[in-house]
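These notes are about the structure you will find just below.
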Amino acid sequence: MLTCGVLAAAVSVGLSAQAQVVAQKPDPKLVVVISIDQFSANLYAQHRGEFVGGLKTLSQGIVYPNGYQSHAFTETCPGHSTLLTGKHPNKTGISANDWYDRETGKTVYCLADPSVTPADDPKGRAVSPANMVATTYGDWLKDVSPKSRVFGVSGKDRGAITMSGHHADGQFWYQPGFGFTTYVRDGQTAEDRLKPVAALNAKLAADLKKHPYTWDYAKDSAKRCKALEADYVTGDRKWRAALPGPVATDDAGKLRDLYASPLTDAATLELAQSLRETYGLGDGPQVDVLTISLSATDFIGHRYGTRGPEMCDQIARLDARLGEFLKSLDKVKGGVLVALAADHGGADFVERLHDEGYDSERVIGKPWVAKLSAEVRAQLGLSWEPVMADGGIDQLYVVGPDRKTPSITDRARITAAALTLIKRDPAVADAFDSNAILTMEPAPADAAIEELSVAERVRRSVYPGRVGDILIAFKPNRVPATAGATYVSTHGSPWDYDRRVPILFWWKGATPHERVLPLDTVDIAPTIAAATGVKPPADVDGVCRPLVYGQAC
Ligand SMILES: [Zn+2]
């Protein structure tokens, strides 16, 4: 259908390159960048024929079905950090969701900033953009157009902050039991900082009280999604994959159920709409920016897998809600340019992959690391456990008796012994010493994304001081997991099911155009910058791709 559109346009002006030149260029006063968390290219392809709402509209613009997050550790914080900085995680400084800090002996969350406090709870997780060492499109824009407004919203702090950057006018994320929150710096008050979301938070709380939320199939997709119901045993969890899914009886559990439901995206889009209208984003002479990261697809993927009735219903609801949101943008006085991508892809859980004929296996984290550490310890005659994981098991840390860095000699000996053992493990594809990776020259910007070696993908992920000593790529469909976790499937690998994401650009008057060559997510920011006359910093990794033939980059 899309190619028909292109053909029709070509015929009308005489089947020449002219057809593309006359295509209407985007001339936005509002740039909306949407990330659907864990929206793999596979998920997009699987459901594309069923879209009737916002995802259908956005698929009628410029479609790159083969977009890539081209680094190795495909987690949420690094993935979001590439979307509007134009840089890979090795230059955004966001190498993983968490890393281990040897100075303090503690896990550091990617956006941790002890100098701020969360507006909802002074004892909650304190986050700000400080750890991100790259600037975003919104920051570049504000440099040349101080009147431009930039807002970021998400179900997660890392979805809101990394996309909207260092000088955003507001960055809000959903905190179950509270509503949307943000961070507060010294000299600011929580009340002031929450003003833009106060009315919506009150409305969301009242709505929930009036109509306790139950998740059931959307009317239009009920039959199709219900057909995917099946019983599964995943790890040591036996469950029936059928909506409304597990229903908690305690209050905290109910909040967790709600958070991992389509409601999170509905609330996030309601906030985006409310900010757009309150601040008249796109109505003035300057360009404004709204970044939206929709988290529910990721929560649902982790909790219920990617190919069950829950994900089917989520995508249908998201499509419908995005349609309403796009419709609300009709009121914007200036032009609107929308880009959509994802922070990473994802895979289904091991048992359903088995049913589809895949050779898949769950690698249980803690026992796997404990066994490795015991073997290294015995081999080298050490008196302490020399290898530990902190969070995921694809990055291991070599530690001394006090869990801090041992002597250089010990590090080298322990790393070498551990690497030999790890590479012998049948679940492992490859493993690296991070010192070797950090001294390696990164692949050039124009290297073919599909052909990057695993080491080159890892190189694009790592930032000094924020990375393990030993970096592991498990074989495809070997899913690292914790025993008994409610997370049944995950992402984070260097393989295409986790790297490939759709990248879409849409504006009113866009000529539908399917572009099958791969596009890197770092190309999004330079492309939007060119369309709005903004110059990216000289050291960005991404390159501008003309949205319309003949458009200057
Ligand atoms: Zn994510």
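Go over the candidates ASP157, ASP192, ASP186, ASP169 one by one and state the one that is under 26 Å from GLY86 (Cα atoms) and open to solvent by 20 Å² or more (accessible area, probe 1.4 Å). I'd like the intermediate steps shown before the answer.
Values: ASP157 fails: open to solvent by 20 Å² or more (accessible area, probe 1.4 Å); ASP192 fails: under 26 Å from GLY86 (Cα atoms); ASP186 fails: under 26 Å from GLY86 (Cα atoms).
On inspection, the qualifying residue turns out to be ASP169.
The set of residues in segment 195-222 that are of a type in the set (D, E, K, R) and exposed (fewer than 15 other Cβ atoms within 10 Å of the Cβ) comprises LYS195, LYS203, ASP207, LYS209, LYS210, ASP216, LYS219. Here SER489 meets each of (1) assigned to a loop (DSSP other than H, G, I, E, B); (2) over 25 Å from TYR109 (Cα atoms); (3) open to solvent by less than 40 Å² (accessible area, probe 1.4 Å) with one exception, condition (2).
Could you look through segment 308-354, keep only residues that are part of a strand (DSSP E or B) and within 16 Å of the ligand (Cβ to nearest atom), and pick out the one that is surrounded by the most Cβ atoms within 10 Å (Cβ to Cβ)?
Taking segment 308-354 as the starting set, the residues that turn out to be part of a strand (DSSP E or B) are 335-341.
Okay, now just the ones that are also within 16 Å of the ligand (Cβ to nearest atom), so 340-341.
Values: LEU340: 28, ALA341: 26.
Checked segment 308-354; the qualifying residue surrounded by the most Cβ atoms within 10 Å (Cβ to Cβ) is LEU340.
The residues on offer are THR268, THR291, and the sole one that is closer than 29 Å to VAL52 by Cβ, touching a Gly at 6+ places or on another chain (Cβ under 8 Å), among the β-branched types (Val, Ile, Thr) and part of a strand (DSSP E or B) is THR291. At least 3 residues being of a type outside the set (A, V, I, L, M, F, W, C) is the threshold, and among the helices (runs of 4 or more DSSP H) wholly inside segment 398-459 those reaching it are 408-424, 454-459. Residue pairs whose Cβ atoms lie under 7 Å apart, separated by 6 or more positions or on different chains, with the first residue in segment 332-344 and within 16 Å of ALA296 (Cβ to Cβ) and the second crowded, with 24+ Cβ neighbours inside 10 Å and aromatic (Phe, Trp, Tyr), are ALA342/PHE39. Which residues, taken from segment 530-553, are over 21 Å from the mean Cα position of the chain (by Cα), under 16 Å from ALA339 (Cβ atoms) and aliphatic (A, V, I, L, M)? Residues satisfying the conditions are ALA530, ALA531, VAL534, LEU547, VAL548. Selection of segment 129-150 for residues being closer than 19 Å to PRO89 by Cβ and either open to solvent by 60 Å² or more (accessible area, probe 1.4 Å) or among the hydroxyl-bearing types (Ser, Thr, Tyr) (or both) yields ALA130, VAL133, THR135, THR136, TYR137.
If the condition is being away from the ligand (no atom under 15 Å from the Cβ), polar (S, T, N, Q) and out of contact with any Phe, Trp or Tyr (no Cβ under 9 Å at 6 or more places or on another chain), then segment 151-179 contributes only GLN175.
Taken as a whole, the structure leaves PRO367 outside the set of residues that are open to solvent by 50 Å² or more (accessible area, probe 1.4 Å) and in a loop (DSSP other than H, G, I, E, B).
The values are calculated or read from the model by the stated rules, or taken from the named source; none is laboratory data. None of these values were measured; they are calculated from a predicted model. When we count neighbours, we look across all protein chains shown, and the Cβ atoms used for this are built from the backbone with ideal geometry, even at glycine. Only protein heavy atoms, including side chains, enter the accessible area calculation; ligands, DNA and RNA are left aside. Shrake-Rupley method; radii C 1.70, N 1.55, O 1.52, S 1.80 Å.
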